[in-house]
There are 2 protein chains.
Amino acid sequence: MPTQTPSEIRLAGRIKNLTGSVARDILSRTQNKDIISFAGGLPDASLWQNLQLPATPPAAYQYGPSEGELPLRQILASRAATLGLPANAQTTLITSGSQQGLDLAAKLFLEAGTPLILEAPTYLAALQVFQLFEANIHALPLNAEGLEPDALDALLTRTQAPLVYLNPTFQNPSGACYSLKRRKQIAAVLDAHNTVLLEDDPYRDISYEDDAPPPIARFLQKTPWIYLSSVSKTLIPGLRLGSLCCSPQLFEPLLKLKQAADLHSNRPAQFVAAQMLDNPAENQKRILALRHHYRQKRDHMQSALQQHFGDIAQWTLPRGGMFFWLTLPQSRDLAAALESTLQQGVAFMPGSPFFLPKQNNPCCLRLNFSLVPLEKMQQGLRILSSVLKRQQSN
Amino acid sequence: MPTQTPSEIRLAGRIKNLTGSVARDILSRTQNKDIISFAGGLPDASLWQNLQLPATPPAAYQYGPSEGELPLRQILASRAATLGLPANAQTTLITSGSQQGLDLAAKLFLEAGTPLILEAPTYLAALQVFQLFEANIHALPLNAEGLEPDALDALLTRTQAPLVYLNPTFQNPSGACYSLKRRKQIAAVLDAHNTVLLEDDPYRDISYEDDAPPPIARFLQKTPWIYLSSVSKTLIPGLRLGSLCCSPQLFEPLLKLKQAADLHSNRPAQFVAAQMLDNPAENQKRILALRHHYRQKRDHMQSALQQHFGDIAQWTLPRGGMFFWLTLPQSRDLAAALESTLQQGVAFMPGSPFFLPKQNNPCCLRLNFSLVPLEKMQQGLRILSSVLKRQQSN
């Protein structure tokens, strides 16, 4: 819904497209700790209950470089290089969460009417940013293997979009993970059109079966790319730290945009993150513990879903990430269902904010399994399914 | 200079206006600690050499509210209320430095061609943001008392600008501080035109004589306003924390813009700042010590300037803030002078980035006195003045 402001205040045209995050709206209504929330995408705080952050060195008190702290840039660049990306510290920028990477990329490429291609469904906060910058957004249906290369090729030919936004690894919300073959095909299509790839990859480390295939950007031969990463899902979200690495020719304008946005990111957080990530053995141990913990939750959720949703929804077991994505056979009023479940102490995310408003979309729900305690999952899903079943029979 | 990128990458139109910060460029060339830098606006690190930050509570590790932490919002709102602003926690937003307040305000009001009025000279990083958002910028000459109300009135009538950006208290770069009378006059003009005021106030606490008069926003009767504040100048810049408070009708869109920009600011920093600012006695002691420290530096700088610049420049003793603003009688190549002083280990800021490029501006220098150690000031200013004098005689 567009923001209502008194008519005499003259706002920029983009503000008519300004939406709040539905997830954050629901979250702000669920501050009550007794609620069982499948709605957000929050990590499980029990993972860091015994964590003490290293003390901040006084060197971190002064203003710092817009690029970010060199030790952290080196660590994150070397991690990207391990994935096969031609990355180094000089083309790695520390951001205030990977959300800021979306803001910077939008500023770099999007003005009113710029064609942009993304997945349907897609990450809702990315959609929010791209709409704010008044892009002419085209969404292609996503299946479990990824976007269809031929469909992407045809849409690029038709729209001449300068930018494609993809979240190919354990996507939020759908959990989809592009196959290796599909990644190579998509890279070839982007190369053929010389279309910049904005690849968002926050969930890569949270894999429950095999490691995910390398980023799509790794297979590009000539077209430029921006690769977004985050420490929020596997380290400490409260730090609000992310990073981007990119083709060399895009680094300088992105750095200047970062300067204009907030000068630089919080420095104590960068020292803390560098110190925590600089210990590969500890880091690996932490990631394995986190995978183990979330895998248990995923499996428990899968059992509970089979019990309560087996006859009313379809879904695929996610091989990584933090979400189940349920498709219901027919359209219904999920906003009304949400009101009803909230009254019974259960929150979930309706699927529509992950699609463009103008599209005729399937009726979906996103259910987060990282936050809800194991022992509450059954109860929460039982309440949710009974509300949906009652709605169905009305 | 516009960013050069290969022509086949299709960037947004605004990128042609993207400039880096000259100050940051100079700073990145002066990482060498032996340089005497009057160029930036950095606080003196000796002020926090014995400071230990409070430990971060684990509650700060999780994702947080986009508005910011309530205790910090309450403290900052109550501080704004003390200055006479109709502020409360519900209309106070924590930002990633007050630079982000500029980005959010620009997104809210500016699109290509939107008329905007500001001071000449003005804060260069604000100019950078407003140019990026392709505003049609009109600059009014600033004198020691502030902008001329009649000139502002006439320019508002002519341009119908929806937004005026002012830095009325110990302005960066000029040090100007609007008188109480002038503040009331400017407020009346803004009210008459129903033009939103964006008031930037990071230096208020750093006063060397009397306290500064209240913010201009405090005297507005009906037009909306946004008031930016920062903890960077008086607490710890590395935290990258600022805040804005605003008229109630502007809060909701600014909050959504904040969400889209970076979800929320670093949480440990917000806990630290709240804890440090929540002790009024300690806080007052810290501010008084800081004023005393910087006053000494200012006075020492004034003596050295009288000795070395008395015959080649004009300036006013700043009653607050961190800068001397020198005007030279005739135009000259300050970029060449900077190259020359850098070779001799001295950095300063040429004045031109604080003006619109198209204007015919006086020849000015900004000299920061907060960072340079007392014992280096004489030497630095001697070198700088001898370069300028040599240039004059060539």
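Every number in this text was worked out from the coordinates using simple rules, so none of it is lab data. As the structure is a computational prediction, the values presented were derived from the model and not from experiment. All Cβ positions, even for glycine, are placed from backbone atoms using ideal geometry, and neighbour counts span all protein chains on display.
Return an integer: the convex hull volume of the alpha-carbon atoms of the protein assembly as shown, in Å³ per residue. Don't jump to the answer; show the numbers that get you there.
Values: hull volume 123.6 nm³, N = 788.
Looking at the protein assembly as shown, the number lands at 157 Å³ per residue.
Taking every DSSP beta bridge that has both residues in the range B:61-281, what percent is antiparallel when rounded to the nearest 5?
Numbers: 10 of 27 bridges.
Roughly 35 percent of the beta bridges in the range B:61-281 run antiparallel, per DSSP.
Remark: label point of A:T159 defined 7 Å out from Cα along the Cα-Cβ vector; separations to the same position in other copies 3.7 nm, ascending. If you bin all the Cα-Cα distances of the range A:250-394 at 10 Å, starting from zero, the percentages per bin are 10, 29, 23, 20, 15, 2. Only Cα sites of the range A:145-266 enter the Debye sum here, all with the same form factor; the resulting log10 I(q)/I(0) across q = 0.11, 0.16 1/Å is -0.41, -0.84, listed in q order. Ranking of B:K222, A:K389 by neighbouring Cβ atoms within 10 Å, starting from the fewest: B:K222, A:K389. The residue list B:P162, B:A59, B:I75 was ranked by how far each Cα lies along the charge dipole of the range B:50-165 toward its positive end, using unit charges on Cβ atoms, and B:A59 comes out on top.
For a modelled paramagnetic label at A:Q314, 7 Å from Cα along Cα-to-Cβ, no residue of the range A:118-135 is in reach, as no backbone nitrogen comes under 12 Å. Taking the label point 7 Å along Cα→Cβ, B:H292 and its counterparts in the other copies are spaced 5.6 nm apart, in ascending order. Which whole-number percent of Cα pairs in the range A:312-389 have a distance greater than 14 Å? Everything past 14 Å amounts to 63 percent. A dipole drawn for chain B from +1 and -1 charges on Cβ atoms has a positive end, and of B:P357, B:P213, B:L190 the residue lying farthest that way is B:P357.
When the dipole is taken about the Cα centre of the range B:61-281, and only Lys, Arg (+1) and Asp, Glu (-1) are charged at their Cβ, what size is it in debye, to the nearest 20? The partial results should precede the final answer.
Working: 16 positive and 21 negative charges, 65 e Å.
Computed about the Cα centre, the dipole is about 320 debye.
Just check chain B against the gyration tensor rule for me: Cα atoms, a ≥ b ≥ c as the square roots of the eigenvalues, rounded for a/c under 1.5, and otherwise prolate or oblate depending on whether a/b exceeds b/c. Present the calculation step by step, with values, prior to reporting the outcome.
Details: a/c = 1.43, a/b = 1.20, b/c = 1.19.
Cα axes put chain B in the rounded bin.
This ranking places B:V22, A:V272 by how few other beta-carbon atoms lie within 10 Å of each, fewest first, which gives B:V22, A:V272. Based on DSSP H runs of at least 4 residues, each adding -39500 (n - 2.57), what is the mean residue ellipticity at 222 nm of chain B after dividing by all its residues, to the nearest 500 deg cm²/dmol? Calculated mean residue ellipticity at 222 nm is -12500 deg cm²/dmol. In order along the range B:262-274, phi translates into HN-Hα couplings of 7, 6, 6, 8, 3, 7, x, 4, 5, 5, 4, 4, 4 Hz, rounded to whole numbers, per the Karplus curve 6.51 cos²θ - 1.76 cosθ + 1.60 with θ = phi - 60° and x for Gly and Pro.
Residues whose amide H lies under 5 Å from that of A:S37, counting only those 5 or more places away or on a different chain, are A:A347; hydrogens are built 1.01 Å from N in the peptide plane. Copy-to-copy label distances for B:E339, where each label lies 7 Å from Cα along Cα-to-Cβ, are 7.0 nm in order of increasing length.
Net charge dipole, the protein assembly as shown: roughly 380 debye, given to the nearest 20, about the Cα centre with Cβ charges of +1 for Lys and Arg and -1 for Asp and Glu. Please give the FRET efficiency for B:N279 paired with A:Q49, using the beta carbon to beta carbon distance and R0 = 30 Å, rounded to the nearest 0.05. That gives a FRET efficiency of 0.60.
Using the Kirkwood formula on the Cα atoms of the range A:64-280, what hydrodynamic radius do you get, in angstrom to one decimal?
Working: mean 1/r = 0.0581 Å⁻¹.
Kirkwood radius, the range A:64-280: 17.2 Å.
Computed 3J(HN,Hα) for the range A:153-163, one whole-Hz value per residue from the Karplus formula 6.51 cos²θ - 1.76 cosθ + 1.60 where θ = phi - 60°, is 4, 5, 5, 5, 4, 6, 9, 6, 4, x, 9, glycine and proline marked x. The rotation axis taking chain B to chain A passes closest to the C-beta of one chain B residue; that residue and the distance in whole Å read B:N266, 2. Taking a straight line from the alpha carbon of A:K184, these aspartates and glutamates sit under 20 Å away, with near neighbours fewer than eight places off in the same chain left out: A:E119, A:E145, A:E148, A:D150, A:D153, A:E199, A:D200, A:D201, A:D210, A:D211. Looking at chain A alone, DSSP beta bridges between its own residues are antiparallel in about 50 percent of cases. Phi angles of the range A:291-307 translate, via the Karplus equation with coefficients 6.51, -1.76, 1.60 and θ = phi - 60°, into HN-Hα couplings of 4, 4, 4, 6, 5, 4, 5, 4, 5, 5, 5, 4, 4, 5, 5, 4, 5 Hz per residue; Gly and Pro are given as x. Looking at the protein assembly as shown, the DSSP beta bridges with both ends there are about 50 percent antiparallel. For A:S230, the residues 5 or more places off, or on other chains, whose built amide H falls under 5 Å of its own are A:S243.
What does the average come to when, for each residue of peptide A:156-168, you count the partner chain Cβ atoms lying within 10 Å of its Cβ? Walk me through the intermediate numbers first.
Values: counts 0, 0, 0, 0, 1, 1, 5, 4, 0, 0, 0, 0, 0.
Shielding by partners across A:156-168 averages 1.
Each Cα pair of the range A:306-345 feeds into the Kirkwood radius, which the Stokes-Einstein equation turns, at 20 °C and 1.002 mPa s, into a diffusion coefficient of 179 µm²/s. Measuring how big the range A:94-139 is from its alpha-carbon positions, Rg and Dmax come out at 10.2, 29 Å. Summarising the amide proton neighbourhood of B:L263: residues at separation of 5 or more, or on other chains, whose placed amide H is nearer than 5 Å comprise an empty set.
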